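Since every read-out is calculated from the coordinates, none of them should be taken as a lab result. This one's a predicted model, so the numbers in the text were calculated from it and none came from an experiment. Neighbour counts are summed over all protein chains in view; Cβ atoms, including those assigned to glycine, are modelled from backbone coordinates with ideal geometry.
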Amino acid sequence: MPAAESKCGGMAKVILPIPTTDFDPTEVAVPWRELTGRGHEVVFATPDGAPGRADELMLTGEGLDPWGFIPGLAKLTLVGRILRANHNGRAAYERMVLDPGFRRPMRWQDVTSDAFDGLVLPGGHRARGMRVFLESPVIQRLATEFFRLGKPVGAICHGVLVLARSADAETRRSVLYGRRTTALTWRLEKLAASLARATRWWDPNYYRTYPEAVGQGAGYMSVQQEVTRALRAPADFLDAPPDAPRRQTSGLVRDSDSDLTPAFVVRDGAYVSARWPGDAHLFAKTFADVLVGR
């Protein structure tokens, strides 16, 4: 049954699994808003069926400044105001958390691929909550099934790690093997980590979900390098070209409904990937187009 002719009266039914805590608000809420705005049904799933909660630092910016560990002063945000989700992301999140579907999610283990037309895997970097999601064999098995069935899959930022770790039962290779993809680039991850070492000095690995162990080279545990190791060839990992406008490469400018030019998204058949929250609007629109096209 084509996705555009699914059980939702001509629209698609999309599963959006999230961890209990620490997912990125923009990477979840903007795709939710875009898909539901087009009439699709978005179903959420969490480990235990309780509503999830985004990374508070990305919502408020509190704790991202050098004084962020001091009670009272943490609410004074300067760097945090820049690094947190922007107005578009926060506004979409505020709407999403009131949605009945978000407030009553499924459990991860109860999700079956045949009940849905598409899968969206969001990101987030805070290890406390995100590692449970990124390392879940339940989510990896679900992702593998969607690829096997040829159904649309979208992954943004750290969400691409789920796919890099999702192995086909026959080939023993990642579902991304032989595909082109992007994900959080080492350049962007390193930039954020450098800022954190200066501004959140008491928690310098806040932006590094998987810091390197002794003996591993710089960036070995970065999202880009792990994803690249799962691909057929390093050239299959894509980023904006060096001559792209700085607003697309700097990690300082985010896209919006009215301006998609800062974003970089890769589409490979029914698979759509993006780098970071600054790509969220184009990512969501591209994935929605794939749903309708199929």
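Can you tally the net charge around Asp255? Count Lys and Arg as +1, Asp and Glu as -1, for every other residue whose Cβ sits under 10 Å from the Cβ of Asp255. Display every interim value, and only then the final one.
Values: positive: Arg247, Arg254, Lys285; negative: Asp257, Asp259, Asp279.
Net charge around Asp255: 0.
Averaged over residues, the count of other Cβ atoms within 10 Å places the peptides 234-247, 112-125 in the sequence 112-125, 234-247, highest first. For segment 158-288, the dipole from Cβ point charges (+1 on Lys and Arg, -1 on Asp and Glu) about the Cα centre works out to 180 debye, to the nearest 20.
Which one, Ala92, Ala235, Val160, is farthest towards the positive end of the dipole of the chain when Lys and Arg carry +1 and Asp and Glu -1 on their Cβ? Ranked along the dipole, the leading option is Ala235.
Couplings for segment 53-65, taken from phi via the Karplus curve 6.51 cos²θ - 1.76 cosθ + 1.60 with θ = phi - 60°, read 9, 5, 4, 4, 5, 6, 7, 9, x, 6, x, 9, 9 Hz in order; Gly and Pro are left as x. Close amide H contacts of Phe44 (hydrogens built in the peptide plane, cut-off under 5 Å, sequence separation of 5 or more or a different chain): Leu16, Met106. The charge dipole of segment 173-223, taken about its Cα centre with unit charges on the Cβ of Lys, Arg, Asp and Glu (plus for the first two, minus for the last two), comes to roughly 240 debye. Take each peptide in 47-56, 164-173, count the other Cβ atoms within 10 Å of every residue, and average; sorted highest first, the result is 47-56, 164-173. The calculated 222 nm mean residue ellipticity attributable to helices in the chain amounts to -9500 deg cm²/dmol, summing -39500 (n - 2.57) over DSSP H runs of n ≥ 4 and dividing by all residues. A Förster radius of 45 Å combined with the Cβ-Cβ distance from Val292 to Arg197 puts the calculated FRET efficiency at roughly 0.55. Projecting the Cα atoms of Ala196, Thr182, Ile139 onto the charge dipole of the chain, computed from C-beta unit charges around the Cα centre, puts Ala196 farthest toward the positive end. Phi-derived couplings, Karplus 6.51 cos²θ - 1.76 cosθ + 1.60 at θ = phi - 60°, listed residue by residue for segment 171-180: 8, 6, 9, 4, 5, 8, 4, x, 10, 9 Hz, with x used for Gly and Pro. The modelled label-to-label distance for the pair Ala218/Ser250, using points 7 Å beyond Cα in the direction of Cβ, is 2.3 nm. Got a sec? Charge dipole of the chain, +1 on Cβ for Lys and Arg, -1 for Asp and Glu; which of Gly124, Val42, Tyr220 is way out at the positive end? Value computed over the given set: Tyr220.
For segment 148-213 versus segment 215-267, the spacing of their alpha-carbon centroids is 10 Å. Estimated at 0.36 nm per residue, the fully extended path between Ala169 and Arg148 surpasses their Cα-Cα distance by 6.6 nm.
Report the gain in length on full extension from Glu94 to Phe69: 0.36 nm times residue separation, minus Cα-Cα distance, nm rounded to one decimal. List each step's numbers first, then the result.
Values: separation 25, 0.36 × 25 = 9.00 nm, distance 2.56 nm.
Separation in residues times 0.36 nm, less the Cα-Cα distance, equals 6.4 nm.
Between Ala115 and Arg232, the distance separating the two model label sites (each 7 Å from Cα on the Cα→Cβ line) works out to 3.4 nm.
Over segment 167-258, calculate the relative contact order: mean separation of alpha carbon pairs under 8 Å at least 6 apart, over the residue count, as a percent. Intermediate results must be reported in sequence, preceding the final value.
Details: 87 pairs, mean separation 29.0, N = 92.
So the answer I get is 32 percent.
Dividing the alpha-carbon radius of gyration of segment 193-269 by the rule-of-thumb value 2.2 N^0.38 Å gives 1.35. Working value for the chain: equivalent-ellipsoid semi-axes of 28, 22, 19 Å, each the square root of 5 times a Cα gyration tensor eigenvalue, largest first.
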